[in-house]
Amino acid sequence: MKIHFDLQNKTQFKIAKNELLSITKNAVGQFLGKNGREIFISVFIVEQDEIKELNRKHRGKDQTTTVLSFPQDEPLKNKTDNKKIVLGDLFLCPEFIRDKNEHELDYYFTHGIYHLLGFSHHEMASIPATKHLVEEPTSLINSFRCAFRGVFEAIMTERNIKIHYLVAAIAVILGFILHISKLEWLFVFFSIALVVIMEMINIAVEKILNLVHPHYNCEVRYIKDVFAAVVLISAFTSVVIAGIIFLPKILRLF
């Protein structure tokens, strides 16, 4: 089987062509056989605006999606005798896949390939080899992966989070130096968690509001100010707790 794989990347995302080609070979070979065939497929890696426009134009859905498949005239899974098979065009949006935060790009690419082969969601759900492509994600490991990625991205992109973690590190170091009690450790870690959680909630709310209302809005400003105040109050509370725990011990050193 020979696959003519045309990949056009219109984004800044790095795409591993060999991995997508391998997925295509496995999927096509499973249902069309692997001997003496030429398979043609075009894959386009696009931005959210382009895939949203395609989704609106061809499916009547004015929303961004992860993958779109445009197969040939009849289901290609039925063309088992053809020597030349044109699968069609497949459009992927890695930016939205990242934001959707459920599966990796290769999952959606495989999903799209089976649509090009002519399989509906109902048919995929009835086949053991493709059933996982239409099931809702329930993996506990995947949930933890998403959570840790959120923590990492917040640290890498948000200045205030970096400051909070720096202060937290200083508090922990002081705790070891000053030999604070177990109860005091409990209050220290509670204070650290309180501030970090409030800050991350504040970040998430700001991101959502910026998406919903990209331009200035009085109500949006009010909501942002309230959440900023929540962070300020939690930070002030943590400073008071830290002062009660550490200040007497530091003063006794002099």
Considering the stretch 92-115, residues that are touching a Phe, Trp or Tyr at 6+ places or on another chain (Cβ under 8 Å) and over 18 Å from VAL28 (Cβ atoms), and then whichever is modelled with the lowest pLDDT, we arrive at ILE97
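In this structure, is PHE227 within 26 Å of ARG149 (Cα to Cα), of a type in the set (Phe, Trp, Tyr) and touching an Asp or Glu at 6+ places or on another chain (Cβ under 8 Å)?
Numbers: within 26 Å of ARG149 (Cα to Cα): yes; of a type in the set (Phe, Trp, Tyr): yes; touching an Asp or Glu at 6+ places or on another chain (Cβ under 8 Å): yes.
Against the criterion (within 26 Å of ARG149 (Cα to Cα), of a type in the set (Phe, Trp, Tyr) and touching an Asp or Glu at 6+ places or on another chain (Cβ under 8 Å)), PHE227 qualifies.
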Within the stretch 34-69, residues being of a type in the set (Lys, Arg) and in a helix (DSSP H, G or I) number 4
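Identify, from the list GLY150, GLY175, GLY243, the residue that is within 30 Å of LYS100 (Cβ to Cβ), surrounded by 10 or more Cβ atoms within 10 Å (Cβ to Cβ) and of a type outside the set (S, T, N, Q).
Details: GLY175 fails: within 30 Å of LYS100 (Cβ to Cβ); GLY243 fails: within 30 Å of LYS100 (Cβ to Cβ).
None of the other options fit; the residue is GLY150.
Please go through the stretch 4-17 and pick out each residue that is in contact with a helix residue (DSSP H, G or I) (Cβ under 6 Å, 6 or more places away or on another chain) and not in a loop (DSSP other than H, G, I, E, B). Walk me through it before giving the result.
Applying the first criterion (in contact with a helix residue (DSSP H, G or I) (Cβ under 6 Å, 6 or more places away or on another chain)) to the stretch 4-17 yields 5, 7, 13.
Hits for the stretch 4-17 are PHE5, LEU7.
Give, as residue ranges, the helices (runs of 4 or more DSSP H) completely inside the stretch 116-231 that count at least 1 residues that are more than 30 Å from ASP89 (Cα to Cα) and modelled with pLDDT of 80 or more. Show your work before the answer.
On the way: elements: 121-125, 140-157, 159-178, 182-212.
Passing ranges, in order: 140-157, 159-178, 182-212.
The values are calculated or read from the model by the stated rules, or taken from the named source; none is laboratory data. All figures in this text were calculated on a predicted structure; none of them were measured in a lab. Cβ atoms come from the backbone with ideal geometry, glycine included; neighbour counts cover every protein chain shown.
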